[in-house]
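What follows draws every value from the coordinates through simple rules; no lab data is involved. These numbers were taken from a predicted model, which means no experiment stands behind them. Heads up, the Cβs are rebuilt from the backbone with ideal geometry, glycines too, and the neighbour counts pull from every protein chain shown.
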Amino acid sequence: MAELVWPHKRPLSEIQTERSPTPQIIASHHYPARQCSPEHKHTPWMNRLIQAERSTALYALLPEFRGSIDLIYIDPPFMTGRTFTTGNQVAYHDHWNNNIDLYLDWLYETLALLHALLTPNGSLYVHLDWRATHYAKLLLDEIFGGSPHKNGPGFKNEIIWHYQSGGHAHRYYARKHDTILLYTKSARYCFHGERVAVSRGAQRRNHMRKKVDGAGKVSWTIRSGSRVYTYHEDSPMLLSDVWSDISHLHQKDPERTGYATQKPIALLERLILASSEEHDLVLDCFCGSGVTPIAAEQLKRRWIACDSSKLAITTTCERLQTLPHLQPFALQHIISIPP
């Protein structure tokens, strides 16, 4: 298998070995307060919102959760070279002094740790753009193994999320999409395309004949061999790997919090519905404005969300507490203990 190489690259097995000593939780607060009565003291599971740098958080999770996370979604820094702010507060820094080797070290460690945390039947979605997707795909191919031509572990989809947004390019084609890579740890993984199917609709479809009945309902027919197949406009149609039906969040969108690079909840709902079951465990170690834990909470999944930014943790915590029927979660702070 081809391998991406850079100076000082560490072996995969070395990265996936727990640090000694393991990073430690230094504080924990439970929310919502109304549910923190004595009868909840011994609740078998409590969701977790963790403020810590991503490698500190992931190494801290390894002893308890190695091979236990059912679904992981990450929207990591894209190597833009920018500092993102919300109002006058820094959301996060996305620059590595133009040093691709530093970025590859950082990304490789992240993906290796996430692979170790995934259950054998688990799935990983990695959300990037044109700056880093090609690097991530090579790293993921190496870490997850498998072949795209066989039904085994590894690569499953390169999803194009196309959106309309402002800005025009005069020296190249306008860049109006992100890429979401889907990898699985084995050939046995959760996937329910029917849960996120869309209505076929009344718009014209290639190679199909349109019919309208007396009530004005549209159907489509196509002949294959000696048979004729009929599909109604409201019949479900499985998604392809190009998504243009979920809009980018615009400035006046009521869902917006003002947090830089916020993604729509509909996007995470689709991924979680397709690739997990109720009560499965979902992880996002770059949770930003909290879209992943919010979608997971609403869809009755357990969750762990992490971010190094105090602004991200505050925003996520506040948004979670607006949800009805919120399950208890712990707000934790983790530090690295020097060897």
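Across segment 73-171, how large is the tail of the calculated P(r) beyond 21 Å, expressed as a percent of all Cα pairs? Please list the in-between numbers first.
Details: 2169 of 4851 pairs.
Counting every Cα pair in segment 73-171, those more than 21 Å apart make up 45 percent.
Taking N as the number of residues in the chain, what is its alpha-carbon radius of gyration divided by 2.2 N^0.38 Å? Could the numbers behind the result be given before it?
Working: Rg = 21.8 Å, N = 339, 2.2 N^0.38 = 20.1 Å.
Expressed relative to 2.2 N^0.38 Å, the Cα Rg reads 1.08.
Give the average over all directions of the projected area of the C-alpha convex hull of segment 198-237, one decimal, in nm². Please report the intermediate quantities before stating the final value.
On the way: hull surface 11.9 nm².
Quarter of the Cα hull surface area: 3.0 nm².
Between His95 and Lys176, take the C-beta separation as r, use R0 = 41 Å, and let me know the FRET efficiency to the nearest 0.05. Don't jump to the answer; show the numbers that get you there.
On the way: r = 23 Å, r/R0 = 0.57.
E between His95 and Lys176, to the nearest 0.05, is 0.95.
How many Lys pairs in the chain lie less than 16 angstrom apart by Cα atoms, where the lysines are 8 or more positions apart or on different chains?
Counting lysine pairs in the chain gives 6.
Remind me, what semi-axes does segment 174-283 give for its equivalent ellipsoid, largest first in whole Å, using sqrt of 5 times each Cα gyration tensor eigenvalue?
Numbers: eigenvalues 212, 90, 38 Å².
In descending order, the three semi-axes are 33, 21, 14 Å.
Which one, Asn157, Leu107, Leu138, is farthest towards the positive end of the dipole of the chain when Lys and Arg carry +1 and Asp and Glu -1 on their Cβ?
The Cα lying farthest towards the positive end belongs to Asn157.
Taking 30 Å as R0, compute the FRET efficiency from the Cβ-Cβ separation of Asp253 and Met46 and round it to 0.05. Could you put the intermediate results ahead of the total?
Details: r = 31 Å, r/R0 = 1.05.
So, using R0 = 30 Å, E works out to roughly 0.45.
Which distance in nm do the two modelled labels at Ile222 and Lys210 give, with both placed 7 Å along the Cα-to-Cβ direction?
Taking the two extended label points, one gets 1.6 nm.
For segment 217-277, just say rounded, prolate or oblate: build the C-alpha gyration tensor, square-root its eigenvalues into a ≥ b ≥ c, call rounded for a/c under 1.5, and beyond that prolate if a/b exceeds b/c, oblate if not. All intermediate terms of the calculation are to be shown ahead of the outcome.
On the way: a/c = 3.68, a/b = 2.48, b/c = 1.48.
In terms of gyration-tensor shape, prolate.
Extent of segment 1-143 along each principal axis, from alpha carbon coordinates, in Å, largest to smallest?
54, 42, 28
Given R₀ = 30 Å, what would the calculated FRET efficiency be for His162 paired with Arg82, taking r from the Cβ atoms and rounding to 0.05? Display every interim value, and only then the final one.
Numbers: r = 22 Å, r/R0 = 0.75.
Calculated transfer efficiency: 0.85.
Of the peptides 74-80, 172-178, 317-323, 331-337, how do they stack up when ordered by the mean number of other Cβ atoms within 10 Å, highest first? Could you put the intermediate results ahead of the total?
Numbers: 74-80: 19.7, 172-178: 12.3, 317-323: 14.7, 331-337: 16.9.
Those peptides, ordered most packed to least, come out 74-80, 331-337, 317-323, 172-178.
Whole-Hz ³J(HN,Hα) for each residue in segment 263-268, computed from phi via Karplus 6.51 cos²θ - 1.76 cosθ + 1.60 with θ = phi - 60°, x for glycine and proline: what do you get?
Rounded to whole hertz, the list is 9, x, 4, 4, 5, 6.
Among Gly87, Ala296, Leu267, pick out the residue whose Cα is farthest towards the positive end of the charge dipole of the chain, where Lys and Arg carry +1 and Asp and Glu carry -1 on C-beta, about the Cα centre.
Leu267
How much length would be gained if the chain were fully extended between Ala2 and Ala187, taking 0.36 nm per residue of separation minus their Cα-Cα distance, in nm to one decimal? Present the calculation step by step, with values, prior to reporting the outcome.
On the way: separation 185, 0.36 × 185 = 66.60 nm, distance 2.10 nm.
Extending this stretch completely gives an extra 64.5 nm.
What residues qualify as long-range amide H neighbours of Phe286, i.e. H under 5 Å apart, gap of 5 or more or another chain, H built at 1.01 Å from N?
Asp75, Cys306
Taking Cα atoms, how many degrees apart are the long axis of helix 100-117 and the longest axis of the chain, rounded to 10 and kept between 0 and 90?
80
For the chain, with the dipole built from +1 on Lys and Arg beta-carbon atoms and -1 on Asp and Glu ones, taken about the Cα centre, which of Pro63, Val282, Ser309 lies farthest toward the positive end?
It is Val282.
HN-Hα J couplings of segment 62-75 from phi, Karplus 6.51/-1.76/1.60, θ = phi - 60°, integer Hz, Gly and Pro as x?
Values per residue, Gly and Pro as x: 3, x, 8, 10, 4, x, 10, 8, 7, 9, 10, 10, 9, 10 Hz.
For segment 241-333, go through all pairs of different Cα atoms, get the mean of 1/r, take its inverse, and jot down that Kirkwood value in Å.
Values: mean 1/r = 0.0725 Å⁻¹.
One decimal place: 13.8 Å for the Kirkwood radius.
Treating only the Cβ atoms of Lys and Arg (+1) and Asp and Glu (-1) as charged, compute the dipole magnitude of the chain about its Cα centre; round to the nearest 20 debye.
In total the dipole reaches around 1140 debye.
In percent, what relative contact order does segment 198-237 have, based on Cα pairs under 8 Å that are 6 or more apart in sequence? The partial results should precede the final answer.
Numbers: 57 pairs, mean separation 17.9, N = 40.
Across segment 198-237, relative contact order equals 45 percent.
Compute the angle between helix 310-320 and the longest alpha-carbon principal axis of the chain, please, reported from 0 to 90 degrees and rounded to the nearest 10.
So the inclination is approximately 50 degrees.
Just order 302-313, 129-140 by mean Cβ neighbour count inside 10 Å, highest at the front, would you?
Working: 302-313: 22.8, 129-140: 17.1.
Going from most to least packed, we get 302-313, 129-140.
Specify the residue with the greatest mean-square fluctuation among Thr184, Thr315, Thr221, computed from a Gaussian network of the chain linking alpha-carbon atoms under 10 Å apart.
Highest fluctuation of the listed residues: Thr221.
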